[in-house]
1. Please report, ordered by residue number, the strands (runs of 3 or more DSSP E) entirely within region 163-238 with at least 3 residues that are over 14 Å from the mean Cα position of the chain (by Cα) and surrounded by 13 or more Cβ atoms within 10 Å (Cβ to Cβ).
2. I want to confirm something. Restricting to region 96-117 and keeping residues that are touching a strand residue (DSSP E or B) at 6+ places or on another chain (Cβ under 6 Å) and without any contact (Cβ under 8 Å) to a residue 60 or more places away in the chain, which single residue is surrounded by the most Cβ atoms within 10 Å (Cβ to Cβ)?
3. Would you pick out the residues in region 110-140 that are part of a loop (DSSP other than H, G, I, E, B) and in contact with a helix residue (DSSP H, G or I) (Cβ under 7 Å, 6 or more places away or on another chain)?
4. Do we have any residue at all in region 45-55 that's in a loop (DSSP other than H, G, I, E, B) and either out of contact with any helix residue (DSSP H, G or I) (no Cβ under 9 Å at 6 or more places or on another chain) or in contact (Cβ under 8 Å) with a residue 24 or more places away in the chain (or both)?
5. If residue 241 meets every condition in (1) over 30 Å from residue 107 (Cβ atoms); (2) surrounded by 20 or more Cβ atoms within 10 Å (Cβ to Cβ); (3) modelled with pLDDT of 90 or more apart from one, which number is that one?
6. Could you tell me whether any residue of region 243-263 is part of a helix (DSSP H, G or I), in contact (Cβ under 8 Å) with a residue 40 or more places away in the chain and over 22 Å from residue 226 (Cβ atoms)?
7. Restricting to region 69-83, and then to whatever is in contact with a helix residue (DSSP H, G or I) (Cβ under 9 Å, 6 or more places away or on another chain) and loosely packed, with under 13 Cβ neighbours inside 10 Å, can you tell me which residue is nearest to residue 173 (Cα to Cα)?
8. Would you confirm whether any residue within region 28-39 is over 24 Å from residue 198 (Cβ atoms) and over 35 Å from the mean Cα position of the chain (by Cα)?
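The values are calculated or read from the model by the stated rules, or taken from the named source; none is laboratory data. Since the model is a prediction, treat every value here as computed from it, not as a measurement. Heads up, the Cβs are rebuilt from the backbone with ideal geometry, glycines too, and the neighbour counts pull from every protein chain shown.
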C-alpha cells in the first residue's frame, strides 16, 4: 500500500549518500594525488641535492689528492730535472690511497711523461690542448682546473680500450719549482664512480641518471639508450635536476613513478572499499528508516479504518 512512499523515502537517502560519497572520493583522490606528487617531488629534490653534494665532495677529494701530489718533492725534483726515473710507485700510491683516482698522468715541461701503472695510450700534451679548458689551464696563470670531456682520454685498466663516450673527469694541477711551472698533473676519475655513488644506498632505485654538460652526457649502464628522456619524452618518470656549484655539470635523474603509482592505487582501492562498505551501511539505514516510517503510517491507517467501522 505504501510501497511508493517507501521508495520516496528510501531513494533520496541513498542517492544523496551516493552523491556525497562519490564527491568525497573524487575530491580526496585528486587531493591525495597532488599531495603525494608534491611530496615525491620534494623528497626527490632533496635526494638529488644530497647526491650532487656527494659527487662534488668526491671531485674535491680528488683535487685535494692532486694538490698534495704537486707538492711532493720527489715529483717536483723529477719534473724540474728529468733523470729517467720512474714515478709509477708514487702515482700508484696516490691512486690506491684515495681509492677515488683511476689514473694519474704527469707531464714534464721538458716533454717527459709519467703515468700510473694501469694507463696506456696516453694523449700528448698537444692532444690535451684540443680541449679548450685544458688549453686555457696550460697556457694561463691558473694553478688548477677541472676538465669534463669525452675526447683525449687515456686507456685505463691495463691497456683495455676505454670508450670515449663514457668520458672522464680530470683534476688538473700545475707543479712549480721556485715559482716557475715545471710540469702538469692530470688525475683522471671515471664518471662511473659518480654514477655508482649516486645509485648506492637505494637513493634512486629504478632511476635513469645523467651527468651532463652543455655539450654531452657521460654514458653509463642504463642511460645509453634513454637519451630520449633528455628531450622531454619521459612519461612514467619524475624528473629531478641539480647543477654543480661551479655550473660545470648538471645531475639529472629520471625516477620511475612506479612506486608513487602503486601507493596512490593502493590508497585509492582502500578508499573505494571503505566507500562501498559505507554505502552498504547507508542502504541498510535508509531501508530501516523507510520501513519505520511506512509502518507507522500503516498502523495509523489500520487504526483509522477500525474507527470507521459501525
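1. 168-177, 180-189
2. Across region 96-117, the extreme among qualifying residues is 116.
3. Of everything in region 110-140, those that are part of a loop (DSSP other than H, G, I, E, B) and in contact with a helix residue (DSSP H, G or I) (Cβ under 7 Å, 6 or more places away or on another chain) turn out to be 116, 117, 129.
4. The initial filter retains those residues of region 45-55 that are in a loop (DSSP other than H, G, I, E, B), namely none.
No; the residues of region 45-55 include none that is in a loop (DSSP other than H, G, I, E, B) and either out of contact with any helix residue (DSSP H, G or I) (no Cβ under 9 Å at 6 or more places or on another chain) or in contact (Cβ under 8 Å) with a residue 24 or more places away in the chain (or both).
5. For residue 241, the failing item is (2).
6. Looking through region 243-263, at least one residue is part of a helix (DSSP H, G or I), in contact (Cβ under 8 Å) with a residue 40 or more places away in the chain and over 22 Å from residue 226 (Cβ atoms).
7. 74
8. no
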